Every structure is written in structure tokens, then in C-alpha cells.
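The values are calculated or read from the model by the stated rules, or taken from the named source; none is laboratory data. None of these values were measured; they are calculated from a predicted model. Reconstructed Cβ throughout: ideal geometry from the backbone, glycine too, with neighbour counts over all protein chains shown. Note: accessible area is taken over every heavy atom of the protein model, side chains too, but ligands, DNA and RNA are not part of it. Shrake-Rupley method; radii C 1.70, N 1.55, O 1.52, S 1.80 Å.
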Amino acid sequence: MQERKANIAVLVSGGGTNLQALINAQNKGVIKSGEIKLVISNNSGAYALQRAEKANIKTAVITKKSFADQQSFEDAIIDELEENKIDLIVLAGFMSILSEKFTSHFKNRIINVHPSLIPSFCGQGFYGLRVHEEALKKGVKVTGATVHFVNEIPDGGEIIMQKAVNVLDNDTPESLQKRVMRLAEWKILPQSTELISKKLIER
Ligand code: GAR
């Protein structure tokens, strides 16, 4: 008998290499308890949208500037997620902080990948390349990535998986970002997505 799969939505803003890692993991059977049904971008120019289209995944563009305020922007995202009966929301480079109203609506159903070992270099203002610039400035010898549940505190939800990556003497923010993605993010995000999807369908 075919077991039910969790319906997954991936929220993106940019290049979408983490989305690509999720699509590849689904194709390889690493993600087998869930299926990516929808990709939502808050940026109409995000290359992630092209990756989704190429994989025949439904896309939606919901931009903040089309709405009067944060709440109506988030309500539009909620409507789209509910129309598509989404069970699990994966934030993969989604560069907009979601309010408590949104996060409590989907309690324990939103996960995020962050490019550091939380609680280092995280919280408001720490996103993308900035995180790696700060890690290099501090001179840490080990950094990495974290997948965590999303609650009302930016990067403050329960940790699901972490993976450490060594910092090299000649690293630039760009070289460090690439290595953290390749060795950590692209592995633990698909693994966590499978883990949480499995838990959701076993409920
Ligand atoms: C990734 O490094 C992700 O961890 C980070 O943005 C990048 C998106 O890349 N997210 C954050 O900083 C969230 N606080 P991608 O679009 O190629 O997946």
C-alpha cells in the first residue's frame, strides 16, 4: 500500500541551491516521506523559481510590496499554503522574518536552514554572506550549518541537525559560504526534511 506523503512547500528568495539539493534528494529517494508540491518566492527574480519550473513543481510569487503590511503579506502566503494542503514548510534561503502569528499557525511544521552553528552568528541581521563575514572577523576555526524549527524568535527554535565545517586560513566569505553549503547545508536540509516529513505522516 502506498503510504501518504507529507506535502512540502519550500519558501525561497534567491539562487535556490538548497531547493536544488531538496529536489535532487527527492529524485534519489533520500526524501521519500514527503513530496515538494509548491515553491513560494517573495522575489519574482529569484533563480530558484526556474529550478522549480524545471522540476515541474508549482510556483507562486508573493511579494511584500504588493500588500499594505506584513500581516496581509503573510496571510496571502498562508492562503497559498492551505489551498495546497501543505504539511511541512521548508525555508531555504527565505529572507523575510515571519511573525509570531505565522509561526504559531504552523507550529512544529516550519524548518529553516541557517549557515552557522547556532547559537553563533544568528538572529536578526545575520543572513547569507553576512554570517560568513562575521565568522571570519571573529576568527572561528570551525563553523557549519544548522537546521532548526522556526518559532517567533529569529533562529531561536529547537535545533534538528547541525554539521560542522572547518574554516581554512585563506578563506574569503564567498569560499566559506560555498564550502558550508556543499559540506553541510545541502546534506542536513534534505535529511531533516525527510526526518520531519516521516514524523508528520506517522502522527
Ligand atoms: C543559504 O546559505 C542559507 O543558509 C542562507 O541563505 C543562503 C541561501 O542560498 N539563509 C540564511 O541566511 C537565513 N538566515 P540558496 O538560495 O542558494 O539556497
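For segment 92-117, a residue qualifies if it is within 10 Å of the ligand (Cβ to nearest atom), hydrophobic (A, V, I, L, M, F, W, C) and touching a residue at least 60 places away in the same chain (Cβ under 8 Å), and the qualifying residues are A92, F94, M95, V113.
Okay, residues lined up against (1) open to solvent by less than 50 Å² (accessible area, probe 1.4 Å); (2) modelled with pLDDT of 95 or more; (3) in a loop (DSSP other than H, G, I, E, B); (4) of a type outside the set (S, T, N, Q):
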| residue | (1), (2), (3), (4) |
| --- | --- |
| K85 | no, yes, yes, yes |
| L98 | yes, yes, yes, yes |
| N112 | yes, yes, no, no |
| S116 | yes, yes, yes, no |
| G123 | yes, yes, yes, yes |
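Listed conditions (1) at positive phi; (2) free of Cβ contacts under 8 Å to residues at least 24 places away in the same chain; (3) not acidic (D, E) are all met by G123, apart from (2).
Can you tell me which residue in segment 37-54 is farthest from F94 (Cα to Cα), limited to those that are open to solvent by less than 10 Å² (accessible area, probe 1.4 Å) and out of contact with any Gly (no Cβ under 9 Å at 6 or more places or on another chain)? Among those that are open to solvent by less than 10 Å² (accessible area, probe 1.4 Å) and out of contact with any Gly (no Cβ under 9 Å at 6 or more places or on another chain), it is L38.
Residues of segment 156-188 that are part of a loop (DSSP other than H, G, I, E, B) and out of contact with any Phe, Trp or Tyr (no Cβ under 7 Å at 6 or more places or on another chain): G156, V167, L168, D169, N170, D171, T172.
Residue by residue through segment 55-79, note down the ones that are among the acidic types (D, E) and either open to solvent by 40 Å² or more (accessible area, probe 1.4 Å) or touching a residue at least 60 places away in the same chain (Cβ under 8 Å) (or both). Listed by number, the residues that qualify are D69, D75, D79.
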